Amino acid sequence: METQNNIQTTDSIAVSKVVPDLFYKVDIVVIGAGQAGLSAAYHLKRQGIEPGKGFVVLDDEFSAGGAWQHRWDSLTLSTVNGINDLPGLAFADVVNTSDHELQANTAIPQYYEAYEKEFELPVIRPIRVHEVTERNGRFIIRTNGVQFNARGIINATGTWKTPNCPRYPGWEKFQGRQLHTGEYKNAQEFIGKHVIIVGGGISAVQLLGEVSAVTQTTWVARRPPDFRPYKFTPELGRDAVALVEERVREGLPVTSVVSVTGLPITPAIQEMLDTGTLDWNPMFDEITETGVRWADGRTLDADVIFWNTGFRHSLDHLAALHLQNDQGGIEMSGTLATQVVKDPRIHLTGYGPSASTIGANRAGRAAAKELIAYLQL
């Protein structure tokens with residue numbers, strides 16, 4: 001049974017009160033209300049798609065802010081790697097940017113909340129998409145609340161909800177604590193503990209510096225760190241994104257931007273190099289009850305294993321559509337490589353080259369414009 005409901009969506013709604021067997025029918029469903037999802041929603045509305053009837057945005061958070069509201073407490077406006085304005089409303093118009101110590105996990109959600117209200121975007125929350133299937137030429141979006149029926153999808157779920165924690169032998173034996181970047185709040189919880197920090201990306205390096213300031217740390221990663229004596233510039237960023245884009249257009253699995261750019265030696269990183277904080281150890285082979293063991297028999301006792309091993313794209317809800325190829329990638333096309341070649345009615349923003357905040361903004365615009373054109377709305 002399908003129905004064209006008239007749901008008030010500019011504020012959060014009690015989705016559980018809606019009969020779950022009915023389908024709310026729209027042209028486009030945007031999944032995710034982070035940077036990419038809000039950008040897409042803004043451009044859908046600006047190009048004449050009616051909010052609430054022509055499109056809705058589904059978000060599984062209880063409040064605005066996307067993944068930013070889960071960032072660690074020490075990430076402030078002075079340490080975050082840039083905050084990009086959403087289209088139509090500047091960050092500085094909402095948040096006092098002169099307060100450099102303002103936490104990113106409060107300031108950016110404040111900005112997103114103001115943005116949703118300013119443009120009256122049809123965000124429904126909290127609602128989690130469990131599965132997307134196809135029936136009679138339309139998509140069925142199964143959730144824990146209202147069920148949706150749409151002609152097209154802009155998926156903007158990003159990566160934050162899918163931590164990548166490699167399960168090394170002995171994982172379940174460890175009697176200490178294991179956590180991932182997504183669970184981290186501040187270094188104070190580690191005082192007096194020996195922390196093994198795992199990972200070779202910028203987050204691992206930043207948090208290694210932070211945690212090592214209050215306790216003993218050991219750094220391990222699969223590959224030696226690729227430190228490069230240059231300043232990261234927008235031009236270098238664009239070059240790196242272009243290489244990632246080339247991969248997804250070929251249908252290859254996504255690689256991280258850091259794997260292309262390396263780690264630029266900032267003053268903070270230089271200080272850690274000088275003090276020996278960034279002494280690298282190869283990846284261990286086994287986790288023991290009290291720590292880790294390497295292949296040569298060397299062991300190390302520790303209280304905490306802190307996995308800074310990145311995230312996977314949150315695409316499990318799209319599995320029934322079989323978008324991935326045999327290589328584990330998804331072949332993409334379109335102006336900014338957001339359109340799925342296998343099914344052009346689906347756009348992935350925050351995927352591949354649009355995983356950065358500035359890329360997500362541009363991807364939202366491209367996805368909205370191209371999907372409207374493809375569906376002839």
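Taken together, the values in this text are just the output of simple stated rules run on the coordinates, not laboratory data. Because the structure is predicted, anything quoted here is derived from the model rather than measured. As a convention, Cβ positions derive from the backbone with ideal geometry for all residues, glycine included, and neighbour counts pool all protein chains shown.
Listed values, structure above:
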{"quantity": "Prolate/oblate/rounded label for the stretch 237-334 (Cα gyration tensor, a/c 1.5)", "calculated": "oblate"}
{"quantity": "Antiparallel content of DSSP bridges confined to the chain, in %, to 5", "calculated": "35 percent"}
{"quantity": "Relative packing of 292-301, 114-123, which averages over residues the other C-beta atoms within 10 Å, highest first", "calculated": "114-123, 292-301"}
{"quantity": "The stretch 128-179, relative contact order in percent, only Cα pairs under 8 angstrom and at least six apart counted", "calculated": "20 percent"}
{"quantity": "The stretch 18-128 - share of DSSP beta bridges that are antiparallel (%, nearest 5)", "calculated": "20 percent"}
{"quantity": "The stretch 320-327 - phi-based ³J(HN,Hα) in whole Hz, Karplus 6.51/-1.76/1.60, Gly and Pro as x", "calculated": "5, 8, 6, 7, 6, 9, 5, 8"}
{"quantity": "The chain: most fluctuating residue of 34, 152, 88 per GNM, C-alpha cutoff 10 Å", "calculated": "88"}
{"quantity": "Most fluctuating residue given options 336, 58, 89, as computed from a GNM of the chain linking Cα atoms under 10 Å", "calculated": "89"}
{"quantity": "For residue 286, distant residues with modelled amide H under 5 Å away", "calculated": "293"}
{"quantity": "For the chain, calculated [θ]222 nm from helices alone, where every DSSP H run of n ≥ 4 adds -39500 (n - 2.57)", "calculated": "-7000 deg cm²/dmol"}
{"quantity": "Sequence-distant residues sharing a close amide H with residue 227 (under 5 Å, placed H)", "calculated": "263"}
{"quantity": "Whole-angstrom gap from the stretch 60-105 to the stretch 141-177, using each part's C-alpha centre", "calculated": "23 Å"}
{"quantity": "Relative contact order for the stretch 64-192, counting Cα pairs under 8 Å that sit 6 or more residues apart, in percent", "calculated": "24 percent"}
{"quantity": "Residue among 246, 331, 289 with the largest mean-square fluctuation in a Gaussian network model of the chain, springs linking Cα atoms under 10 Å", "calculated": "289"}
{"quantity": "Shape call, the stretch 61-210: gyration tensor on alpha carbons, a/c limit 1.5", "calculated": "oblate"}
{"quantity": "Point-to-point label distance, residue 120-residue 280, nm (Cα→Cβ direction, 7 Å offset)", "calculated": "5.5 nm"}
{"quantity": "Listed pairs 117/342; 185/369; 117/161 exceeding 28 Å between Cα atoms", "calculated": "117/342; 185/369"}
